[in-house]
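Notes for the one structure printed next.
The values are calculated or read from the model by the stated rules, or taken from the named source; none is laboratory data. No experiment lies behind these values; they were computed from the predicted model shown. Methodologically, a virtual Cβ is constructed for each residue, glycine included, from the backbone with ideal geometry; neighbour enumeration extends over all protein chains shown. Please note that ligands, DNA and RNA were not included when accessible areas were found on the heavy atoms of the full protein model with its side chains. Shrake-Rupley method; radii C 1.70, N 1.55, O 1.52, S 1.80 Å.
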Amino acid sequence: MENRTMLTDLYQLTMMQGYLVNGCQNKEAVFDVYFRSLPFKGGYALAAGLEQVVEYIENLTFGEEDLKYLRSLNLFNEEFISELSNFHFTGDVDAIPEGTPVFPYEPLLRVKGRIFETQLLETTILNLVNFETLIATKASRVVTAADGGPVMEFGLRRAQGPDAGVLGARAAFIGGCQSTSNVLAGMRYGIPVAGTQAHSWIQCFPTELEAFRAYAHTFPDLCLLLVDTYNVLKSGVPNAIKVGLELEAEGHHFLGIRLDSGDLTYLSKEARRMLDEAGLKNAIIVASNDLDEETIFAIRAQGAAINSWGVGTNLITSKDNPSLGGVYKLAAEGEPGNFHPRLKVSENITKITNPGIKKVVRFYDRAGKAMADLIALEDEVFEEDKPLIIFDPIQTWKRKTLKNFRTKELLKPVFRDGKRVYALPNLKEIQLYARKELDSFWDEVKRLTNPHRYIVDLSTNLFELKQQLLLTIHNDIKETNKEWSKNVDR
């Protein structure tokens, strides 16, 4: 696996040297990874990227070439370079498992350890988690729109680079896609691969019929024919029917056709009628052509006769929402067993952080449906046999009483003292887990347009801690400003 140690922003390294020079490199720090708003104006996101984070941390080491390059920058002293030569992660990581539906401000990962180590992890963790979570969420929306019709991911040629193509295919599978055209992703992650032919195949033969027959001869039991090279209904479908009947007469199963342009609703209906009338009722119709969840939903609403969907560019690039704004923020610092909560203040209320060492608790009703999430302090306990009043941390008059609930803590131990304690599931297990977790949410939350807002509140203790720190910071600023004013007056 590729070593990503040097995949970082320069300021991580300059801060690390600053910690060392100022003698605070061994100070303990806790960082939270979270995002502030849901992508696609949707109702949920789907956590992804943890496996790559684990691989990154386990391979985190500076080699001789890395150190040579850093020396060449003339920024770093030899004491710092020496520290890097022996660098490895010795802290703790807790994370929400991949495939879990997640929401704004919930810590997807919590990193605890020496500030010298935890500072370095920021850039690469965000790079991995932001991208894969975004693509897994987009794929989940596409699969929801397809409503059971299999979705194939085939965006590699339009992805923003090889890594995005491979990791995007992985994330799309977590989101529910059943296969990928990406052979490397299939080999690396065990994703089923799928694909047929391009228009160039059809054009390389004297006639469309000869091209279809040649492909059927090569793959008689996997024959899915692309029918829009010349004319879908007057040429493509009639020729595909001829070849399909020939295959069936020879004892093979004709798989079907693919539409890649035109009015997919109208063409699929007409093609379905023609196939059925010819006796090829089991032949499937696959559609592609710059599809996304909105297009698929609209086509299905018009009664299209499409069995399966191929989705490329709009999925792998997340075209309508090209980034997830995940951040890595300090929540506490101090010494083991004596951490001090820390808070970042901003005039933009969405950028004010939640202080302290936190956990995420999901509350379910007795039927197993998710009711609400609570971001709480690590040591808080919620008794399932007692009613619990929760409230919106901004509009505090909005309150709800939870009764007869059961709880689940979402953050799971991944590293302890630098050693992995978490067994990574395989990708199929993650996909099945994601499907099961999504089933625990009401359809209104998963709705593609104007979804119901799922409740995510702060616990009373966390809310009060945050208000207390805000007041303390306000008073400190007030005193600082008063002192500054006095000096100016002099």
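Determine the dipole magnitude for the chain: charges of +1 sit on the beta-carbon of Lys and Arg, -1 on that of Asp and Glu, nothing else is charged, the reference point is the Cα centre, and the result goes in debye to the nearest 20.
Values: 56 positive and 65 negative charges, 230 e Å.
Result for the chain is approximately 1100 debye, rounded to the nearest 20.
What's the local net charge at Val54, with K and R +1, D and E -1, over the other residues with C-beta under 11 Å away? Mind showing how you got there, number by number?
On the way: positive: Arg420; negative: Glu51, Glu55, Glu58, Glu98.
Neighbourhood net charge equals -3.
Going by average Cβ density within 10 Å per residue, which order do the peptides 53-63, 415-425 take, highest to lowest?
Packing order, densest peptide first, comes out as 53-63, 415-425.
Determine the relative contact order of the chain: mean sequence separation of Cα pairs under 8 Å and six or more apart, normalised by residue count, in whole percent.
Details: 923 pairs, mean separation 94.3, N = 490.
Taking the mean separation of contacting Cα pairs over the length of the chain, I get 19 percent.
For the stretch 356-440, what does the equivalent ellipsoid look like in terms of its semi-axes, each the square root of 5 times an eigenvalue of the Cα gyration tensor, given largest first in whole Å? Intermediate values should be presented prior to the final figure.
Working: eigenvalues 145, 69, 28 Å².
Computed over the stretch 356-440, the values are 27, 19, 12 Å.
Quick one: which residues, 5 or more positions from Leu225 or on another chain, have an amide H under 5 Å from its amide H? H modelled 1.01 Å from N in the peptide plane, none for Pro or chain starts.
Amide H neighbours of Leu225, under 5 Å, 5+ apart: Gly256, Ile257, Arg258.
Suppose the chain between Thr401 and Glu248 were pulled fully straight at 0.36 nm per residue; how much longer would it get relative to their current alpha carbon spacing? Intermediate values should be presented prior to the final figure.
Working: separation 153, 0.36 × 153 = 55.08 nm, distance 6.24 nm.
So the chain would gain 48.8 nm between Thr401 and Glu248.
Let's test the formula: R0 of 51 Å, r as the Cβ-Cβ distance of Asp439 and Trp201. What FRET efficiency results, to the nearest 0.05? Working shown, then result.
Details: r = 40 Å, r/R0 = 0.79.
For R0 = 51 Å, the calculated efficiency reads 0.80.
For a quick check: with amide H placed at 1.01 Å from N, whose amide H comes under 5 Å from Gly325's, ignoring anything fewer than 5 positions away on the same chain?
Close amide H contacts, sequence-distant or interchain: Arg36, Ser37.
State the percentage of accessible surface on the stretch 260-387 attributable to carbon and sulfur atoms; use a 1.4 Å probe and exclude ligands, DNA and RNA. Each step should come with its number before you reach the end.
Numbers: 2850 of 5940 Å².
Of all accessible area on the stretch 260-387, carbon and sulfur atoms account for 48 percent.
Of the beta bridges DSSP finds with both residues in the chain, what % are antiparallel, to the nearest 5?
70 percent
Could you give the length gained on full extension between Asn3 and Ser37, defined as 0.36 nm per residue of separation minus the Cα-Cα distance, in nm?
Values: separation 34, 0.36 × 34 = 12.24 nm, distance 3.10 nm.
Working it through step by step, the gained length comes to 9.1 nm.
Quick one: length gained pulling Arg416 to Asn481 fully straight, 0.36 nm per residue minus the C-alpha distance?
Working: separation 65, 0.36 × 65 = 23.40 nm, distance 4.33 nm.
Gain in length upon complete extension: 19.1 nm.
Counting only heavy atoms of the protein chains, get the accessible area per residue of the chain (1.4 Å probe) and round it to a whole Å² value.
Numbers: 23280 Å² over 490 residues.
Computed with neighbouring chains in place, this is 48 Å² per residue.
For His199, what is the net charge nearby, where nearby means another residue's Cβ is under 12 Å from its Cβ and Lys, Arg count +1, Asp, Glu -1? Mind showing how you got there, number by number?
Details: positive: Arg258; negative: Glu208, Asp228, Asp260.
Residues near His199 contribute -2 overall.
Please report, as a whole percent, how much of the solvent-accessible surface of the stretch 62-138 comes from carbon and sulfur atoms (probe radius 1.4 Å). Intermediate results must be reported in sequence, preceding the final value.
Details: 1190 of 2500 Å².
Using a 1.4 Å probe with all protein chains present, the stretch 62-138 comes out at 48 percent carbon and sulfur.
Where in the stretch 134-148 does the label zone of Thr449 land, with the point 7 angstrom along Cα→C-beta and an amide N cut-off under 20 Å?
Zone members listed by number: 138-148.
Note down the nm distance, to one decimal, between modelled labels 7 Å out along Cα→Cβ at Asp392 and at Gln12.
Going by the 7 Å Cα→Cβ label model, 3.7 nm.
Using only alpha-carbon positions, what ratio does the radius of gyration of the chain give when scaled by 2.2 N^0.38 Å?
Details: Rg = 27.2 Å, N = 490, 2.2 N^0.38 = 23.2 Å.
Working it through for the chain, the quotient is 1.18.
Carbon and sulfur together cover what percent of the accessible area of the stretch 1-61 at a 1.4 Å probe radius?
Numbers: 1170 of 2400 Å².
So the carbon and sulfur contribution to the accessible surface is 49 percent.
Compute the relative contact order of the stretch 336-407 as a whole-number percentage, counting only Cα pairs closer than 8 Å that sit 6 or more residues apart in sequence.
24 percent
Express the Stokes-Einstein translational diffusion coefficient of the stretch 348-490 in µm² s⁻¹, to the nearest whole number, given a Kirkwood radius over alpha-carbon pairs, 10 °C and a viscosity of 1.306 mPa s. Before the final figure, lay out each step's value.
Values: Rh = 18.6 Å.
After rounding, the answer is 85 µm²/s.
Whole-Hz Karplus ³J(HN,Hα) for the stretch 370-379, in order, using 6.51 cos²θ - 1.76 cosθ + 1.60 and θ = phi - 60°, x for Gly and Pro?
Working through the residues one at a time gives 5, 9, 5, 10, 10, 8, 9, 6, 4, 8 Hz.
Whole angstrom only: what separates the Cα centroid of the stretch 414-455 from the Cα centroid of the stretch 160-219?
Distance between centres, Cα-based: 28 Å.
Could you order the peptides 465-477, 266-278 from most to least packed, using the average number of other C-beta atoms within 10 Å per residue?
266-278, 465-477
If you plug each phi of the stretch 27-33 into the Karplus form 6.51 cos²θ - 1.76 cosθ + 1.60 with θ = phi - 60°, what whole-Hz ³J(HN,Hα) values come out, in order, with x for Gly and Pro?
Whole-Hz 3J(HN,Hα) from phi for the stretch 27-33: 4, 8, 9, 10, 10, 10, 10.
Under a Cβ-Cβ cut-off of 11 Å, what is the net charge of the residues other than Ile455 that fall near it, where Lys and Arg count +1 and Asp and Glu count -1? Walk me through the intermediate numbers first.
Values: positive: Arg362, Lys398, Arg399, Lys400, Arg453; negative: Asp373, Asp392, Asp457.
The answer is +2.
What ranking do 76-83, 427-434 get when scored by the average of other Cβ atoms within 10 Å per residue, highest first?
By packing density, highest mean first, the sequence is 427-434, 76-83.
Given the pairs Lys138/Lys428; Lys138/Lys466; Lys329/Lys419; Lys419/Lys466, which span a C-alpha to C-alpha distance of over 28 angstrom in this model? Kindly include the intermediate steps, with their values, before the conclusion.
Details: Lys138/Lys428 18 Å; Lys138/Lys466 33 Å; Lys329/Lys419 23 Å; Lys419/Lys466 32 Å.
Where the Cα-Cα span goes over 28 Å, the pairs concerned are Lys138/Lys466; Lys419/Lys466.
What list of ³J(HN,Hα) couplings, whole Hz, do you get for the stretch 251-260 from phi and the Karplus terms 6.51, -1.76, 1.60, once you set θ to phi - 60° and write x for glycine and proline?
So the Karplus estimates, Gly and Pro as x, are x, 9, 9, 7, 6, x, 10, 10, 9, 10 Hz.
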